[in-house]
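What follows is a short report on a single structure.
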Amino acid sequence: MRTTVGIIGAGPAGLLLARLLRRAGVDCVVLEARGRAYVERRQRAALLEQGAVDVLRACGAADRLDREGVRHEGFELRHRDRRHRFGVAARTGGRANTLYPQTELVKDLIALATADGTPLLFDAPVTAVEGLDGDRPVLRYTHGGREETLECSYVAGCDGSFGTARRTLLATGAARLHERVYPYAWLGVFADAPPASDELILSGHERGFALHSMRSPEVSRLYLQVPAGTTPEDWPDDRMWDELDTRLAVPGHPLHRGPVTDKAVIPLRGQVVEPMRYGRLLLAGDAAHLVPPTGAKGLNLAVADVVTLARGLSHRRRTGSTALLDRYSELCLRRVWQVQEFSHAMTVLLHAAPDADAYERRLRTARLDRLLGPTAAAAEFAENYAGLPMDAPLI
Ligand code: RFL
Ligand code: PHB
């Protein structure tokens, strides 16, 4: 097979890139290692920045998002035994996040690709990326028990942090991996229990971070800071609910409890591959970087990357010039490091460091106090939480 852009991975990055390229008249093929049902069920992100919603609208991928997504104009911050409302939209001229699960976005983008006739192969793991120094790189993949090849002009590595694209790029020796591993993790659960609030509740409790989110009026999504290395079995339901109440509930108003349908431990790390490109291989989304989930930025960064990549590829198609494409890594990394910095600062602010002394714990409380006033710190936090401006897609 041959195409202009070979896309590895049908997560949000690969699927949205395929959509943007299709609209710009650039042909592509998407190769996904897993089956469609698995990809559509994988539970992950939920909060889309205003800028990401605008991109999805502009490329005709937001019909269901506009009907079913729930706008969150702020959140509650549990601090000093009380819940304080933190207004985001009020501090950002009306910009806000929308709660729309990544599973639903992935289903929408797959349905659009299928309707468009965009070649999208499931159960087609890419095993190697070859010929990066030449003009026609080749993807080797297996499909239906056969070894196949896809020859392309460019390869978009959208296959996540454990994918072939990142591994291939790092093996060239031309890029480095920056990494921060946190000494704590999140226990994440889904529960068939009505959310205790219409808005997210975040807590920077002295015992550790906790987050209350939701998927519907009947389903809560909850996260609890736990030590790195903990297993879900260390957290029987009663222990977990008691700890969530301690960190999130206000006295006398416990959370609603219900059957736990999923429980998993999620490691926290920040990673950046720099530069995000080697020759004709360009990384986007989690393949290029990870952020700790505290700021809800991973999916939004993936959207920003693929908008920049689609612009570069579309510019090349229209003008023959690679000028924009050549700046891809530089343009993305500016935003990536801003978001990396925000996600790190928010993580440190809201989590209890295992080795913190009393002095450091007081500093954390002081920083949280500052967020709750009409301060420049609060304005800056809101600006980052709602998301930095994103390029409009060229379509
Ligand atoms: P994905 O979603 O990992 O997709 C990569 C795809 O590549 C496939 N693949 C391959 N395909 C072909 N050949 C190979 N060799 C392949 N190897 C892998 C995989 O099967 C997969 O389908 O990466 P992508 O597209 O870059 O998307 C990134 C997002 O998934 C991720 O950043 C977010 O989920 C992060 N995140 C959040 N981001 C937000 O913006 N807002 C949030 O509220 C938010 N909450 C979260 C999160 C991530 C979480 N976890 C589980 C880490 C909450 C959590 C708990
Ligand atoms: C979620 O609803 O899954 C969620 C919300 C906010 C985050 C992370 C995850 O920061």
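Mind checking the full-extension length gain between GLU360 and ARG42? Use 0.36 nm per residue of separation minus the Cα-Cα distance, one decimal, nm.
On the way: separation 318, 0.36 × 318 = 114.48 nm, distance 3.77 nm.
Length gained, GLU360 through ARG42: 110.7 nm.
Would you work out which of VAL307, HIS351, LEU268 lies farthest towards the positive end of the dipole of region 262-383? Charges go on Cβ: Lys and Arg +1, Asp and Glu -1.
With unit charges placed on the Cβ atoms, the residue in question is VAL307.
In a solvent-free Debye calculation with one equal scatterer on each Cα, what is log10 I(q)/I(0) for region 275-395 at q = 0.14 Å⁻¹, listed in the order of the q values?
Reported log10 I(q)/I(0), two decimals: -0.69.
So what is the relative contact order for the chain, in percent, with contacts set as C-alpha pairs under 8 Å and at least six apart?
Across the chain, relative contact order equals 21 percent.
Over region 41-128, what is the mean sequence separation of C-alpha contacts under 8 Å (at least six apart), divided by residue count, expressed as relative contact order in percent?
Here the relative contact order equals 34 percent.
How many angstrom lie between the C-alpha centres of region 35-51 and region 140-162?
Using only Cα atoms, the two centres lie 21 Å from each other.
Under the Kirkwood approximation for Rh and a Cα-based Rg, what ratio Rg/Rh is obtained for region 15-128?
Rg/Rh: 1.09.
As a test of the formula, what do you get for the chain when each DSSP H run with n ≥ 4 contributes -39,500 (n - 2.57) and the sum is divided by the residue count, at 222 nm and rounded to the nearest 500 deg cm²/dmol?
Calculated mean residue ellipticity at 222 nm is -11000 deg cm²/dmol.
Counting only DSSP beta bridges with both residues in region 1-118, what percent are antiparallel, rounded to the nearest 5?
Antiparallel bridges: around 75 percent, rounded to the nearest 5.
Mind putting a number on the dipole of the chain about its Cα centre? Charges go on the C-beta only, +1 for Lys and Arg and -1 for Asp and Glu, and I need it in Debye to the nearest 20.
So the magnitude is around 740 debye.
Among DSSP beta bridges whose residues both lie in the chain, state the antiparallel percentage, nearest 5.
75
Could you give the radius of gyration (one decimal) and Dmax (whole number) of the Cα atoms in region 234-316, in Å?
For region 234-316, the Cα radius of gyration and maximum Cα-Cα distance read 19.9, 61 Å.
Relative contact order, percent, of region 262-395 when contacts are C-alpha pairs under 8 Å separated by at least 6 residues?
Details: 122 pairs, mean separation 32.5, N = 134.
Across region 262-395, relative contact order equals 24 percent.
May I ask you to give the solvent-accessible area per residue for the chain, in square angstrom, as obtained with a 1.4 angstrom probe? Walk me through the intermediate numbers first.
Numbers: 16890 Å² over 395 residues.
Averaged over the residues of the chain, the accessible area is 43 Å².
Mind ordering 150-160, 200-210, 376-386, 343-353 by average Cβ neighbours within 10 Å, highest first?
Going from most to least packed, we get 150-160, 200-210, 343-353, 376-386.
Starting from the 7 Å offset along Cα-to-Cβ, what nm value, one decimal, do you get for the label separation of THR4 and SER321?
In this crude label model, THR4 to SER321 measures out at 1.7 nm.
Debye calculation, C-alpha points only, no solvent: report log10 I(q)/I(0) for the chain at q = 0.06, 0.07, 0.10, 0.13 Å⁻¹, in the same order as the q values.
Computed log10 I(q)/I(0) values: -0.24, -0.33, -0.67, -1.09.
Using Cα atoms only, what is the angle between the long axis of helix 328-350 and the major principal axis of the chain, expressed in degrees (0 to 90) to the nearest 10?
With rounding to tens, the tilt is 20 degrees.
The values are calculated or read from the model by the stated rules, or taken from the named source; none is laboratory data. Note that the coordinates shown come from a computational prediction; the quantities given were computed from them, not determined experimentally. For neighbour counting, all protein chains shown are included, and Cβ atoms are generated from backbone atoms with ideal geometry for every residue, glycine included. For accessibility, only protein heavy atoms count, side chains too; no ligands or nucleic acids. Shrake-Rupley method; radii C 1.70, N 1.55, O 1.52, S 1.80 Å.
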